[in-house]
Amino acid sequence: MEIRYLLEKPVTLDIQMQVRDFTVLLGLSGEGKTMLLKAIAGLIPAHGHPFGGLAAERRPIGYLPQGYALFPHLRAWENVAFPLPRGAGRRAQAMDLLTRVGLVDLAERYPAALSGGQRQRVALARALARRPELLLLDEPTSALDMATRDEILDELIREVHEFGVPVLAVSHDPHLAMLADHMAVLLDGRIAQEGPPRAVFARPATMGVARLLGFRNFLAGRIEEIEGAGMVVAGAGADWRLRTGLQHGMHAGMAVTVAIRSEDLVPGDALGVSAPNALKLKIVSLREEGVALRVRMEGALSLDMLLPRLQCEGRSLVLGTELWVQVAPEYVHVMAG
């Protein structure tokens, strides 16, 4: 399904993107993600496709807002039944939907007696009661605790796949985007990049996209040479060089930005200068992050490295000491400009 929407108020958005199975639109808070969902649902004025020109109540949309907006005075089955036509089969239809999301045993409970994940599934069943052609989810991870988030998200994605309804979820959480079938990145009111999550996370199109996806290391340089299926990128004055794979549209002498994930840097006590992409740098900062260690290093360039517990064990990392580090050529991402 193609989404095309133009908004002028309360934010300016010019959106063109694809929704394929479970799709996540990733963007910072305040970028207008919720406004886009409201526009598609017909809740605010906008021009667009699909469903443009239809009143909100006529749009075949299922909408889960943040917090789920369940009626606190209605039991679970009554919340699900709310959008269904009045009639003798209303309760039976609601109970069937609760069965499909695994909550039929809790049908008589009020929202206050349900966990966050259970409330989410009641809201999902209510949204699906309308038999939507598109399901909209607004920040589906915002009300979930870290201990159960992955389990609940796995259930949610499995359920929407089983129902066969295309889903557009908006979020500022890159973790949710990793679980999607398709993703898009919203920056400055437009779609900056879209595609399969694996491709987008590995090859962000711009620095803005890369920052949003968790990259911390950005280096300005130029393509020094192109050789076979690879390239060599050098810093100003050629004080550092990094090998990377050949990327489309690049040529020798071109100004580029190199992006490297902190977790893709690895230490090597005996790498030596002959190892590919080996750099000798001085440790200037150490900070524990749970069971991992974040290391800031400087020298010919500045790099941020995140070491998991297994790579920290048996190492003596001390401020001021020099450390050989390496990054595989396939993890060196090069962007124009």
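The values are calculated or read from the model by the stated rules, or taken from the named source; none is laboratory data. Since the model is a prediction, treat every value here as computed from it, not as a measurement. Neighbour counts run over all protein chains shown; Cβ positions are idealised from the backbone, glycine included.
Structure above, values below:
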quantity	calculated
Extreme residue, farthest from residue 259 (Cα to Cα), among residues of region 307-316 that are surrounded by 14 or more Cβ atoms within 10 Å (Cβ to Cβ) and either more than 24 Å from the chain's Cα centre (by Cα) or at pLDDT 95 or above (or both)	312
Candidate set: region 3-21, residues that are at pLDDT below 95 and within 16 Å of the chain's Cα centre (by Cα); chosen: the one surrounded by the fewest Cβ atoms within 10 Å (Cβ to Cβ)	21
Criterion: among the aliphatic types (A, V, I, L, M), under 31 Å from the mean Cα position of the chain (by Cα) and either under 23 Å from residue 121 (Cβ atoms) or surrounded by fewer than 21 Cβ atoms within 10 Å (Cβ to Cβ) (or both) - qualifying residue of 64, 36	64
From 289, 298, residue being of a type in the set (D, E, K, R), under 24 Å from the mean Cα position of the chain (by Cα) and either under 25 Å from residue 201 (Cα atoms) or at pLDDT 90 or above (or both)	289
Failed condition for residue 99, given (1) within 22 Å of residue 123 (Cβ to Cβ); (2) under 26 Å from the mean Cα position of the chain (by Cα); (3) not aromatic (Phe, Trp, Tyr)	(2)
Exclusive hit being surrounded by 14 or more Cβ atoms within 10 Å (Cβ to Cβ) and within 18 Å of residue 136 (Cα to Cα), set 201, 215, 163	163
Residue identified as in contact (Cβ under 8 Å) with a residue 24 or more places away in the chain, in the same structural domain as residue 37 (by TED's automatic domain parsing) and closer than 14 Å to residue 119 by Cβ among 69, 94	69
Exclusive hit being free of Cβ contacts under 8 Å to residues at least 60 places away in the same chain, under 30 Å from residue 229 (Cβ atoms) and hydroxyl-bearing (Ser, Thr, Tyr), set 316, 262	262
Test set (1) out of contact with any strand residue (DSSP E or B) (no Cβ under 9 Å at 6 or more places or on another chain); (2) at pLDDT below 90; (3) crowded, with 19+ Cβ neighbours inside 10 Å - residue 140 fails condition number	(1)
Pairs, first on the phi > 0 side of the Ramachandran plot and in contact (Cβ under 8 Å) with a residue 24 or more places away in the chain in region 31-44, second buried (at least 18 other Cβ atoms within 10 Å of the Cβ) and not in a helix (DSSP H, G or I), C-beta under 9 Å, six or more apart	32/7; 32/13; 32/15; 32/186
Condition check for residue 129: among the hydrophobic types (A, V, I, L, M, F, W, C), surrounded by 13 or more Cβ atoms within 10 Å (Cβ to Cβ) and modelled with pLDDT under 90	yes
Residue in region 109-121 that is crowded, with 21+ Cβ neighbours inside 10 Å and of a type in the set (A, V, I, L, M) present	no
Selection status of residue 303, crowded, with 18+ Cβ neighbours inside 10 Å and either within 17 Å of residue 216 (Cα to Cα) or charged (D, E, K, R) (or both)	yes
Whichever residue in region 269-281 is within 20 Å of residue 316 (Cβ to Cβ) and surrounded by 13 or more Cβ atoms within 10 Å (Cβ to Cβ) and, among such residues, is modelled with the lowest pLDDT	271
Some residue of region 136-146 being under 28 Å from residue 13 (Cα atoms), hydroxyl-bearing (Ser, Thr, Tyr) and over 13 Å from the mean Cα position of the chain (by Cα)	yes
